[in-house]
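*Asks:* Before I ask anything, here is the structure I am working with.
The values are calculated or read from the model by the stated rules, or taken from the named source; none is laboratory data. Remember, predicted model here, so these are calculated numbers, not experimental data. All Cβ positions, glycine included, derive from the backbone under ideal geometry; neighbour counts span all protein chains shown.
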Amino acid sequence: MAASEAAEMTIREGNVPDFSLLISCVGRKLVLGDKTAEEVKAVSQTFHNKTVLGAFIFMVKYLPLIKAATASYTIKQ
């Protein structure tokens, strides 16, 4: 898991943070399901449960990107 690997890298550099913020997107949550919770747990265990964790999942609005791509495509025709 990428998050726990990043946490391990932090530990190897000699840092143990007081707080860590984990940010993910709704797409990962939909694909990974309960594994996103396992990822948070893995980070907590890597920090030996001594780091306060905050985590949230954000939603990306795709419509503006689709409109921009369509407009760009239409202009090129």
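*Asks:* Is it the case that I66 is assigned to a strand (DSSP E or B), modelled with pLDDT under 85 and not acidic (D, E)?
*Replies:* Details: assigned to a strand (DSSP E or B): no; modelled with pLDDT under 85: yes; not acidic (D, E): yes.
Considered against the rule, which asks whether it is assigned to a strand (DSSP E or B), modelled with pLDDT under 85 and not acidic (D, E), I66 comes out as no.
*Asks:* Can you pull out the residues in segment 1-51 that are among the aliphatic types (A, V, I, L, M), touching a residue at least 40 places away in the same chain (Cβ under 8 Å) and not in a loop (DSSP other than H, G, I, E, B)?
*Replies:* Residues satisfying the conditions are A3, A7, A42, V43.
*Asks:* Look through segment 38-54, keep the residues that are crowded, with 16+ Cβ neighbours inside 10 Å and of a type outside the set (D, E, K, R), and return whichever of them is nearest to L21 (Cα to Cα).
*Replies:* Among them, the one singled out is L53.
*Asks:* Sticking with this structure for a sec: Aliphatic (A, V, I, L, M), out of contact with any helix residue (DSSP H, G or I) (no Cβ under 8 Å at 6 or more places or on another chain) and at pLDDT below 90, is that true of I57?
*Replies:* no
*Asks:* Right, here's the next one. Among the numbered criteria (1) modelled with pLDDT under 80; (2) in contact with a Gly (Cβ under 8 Å, 6 or more places away or on another chain), which single criterion is violated by S20?
*Replies:* Only one criterion in (1) modelled with pLDDT under 80; (2) in contact with a Gly (Cβ under 8 Å, 6 or more places away or on another chain) is unmet by S20, namely (1).
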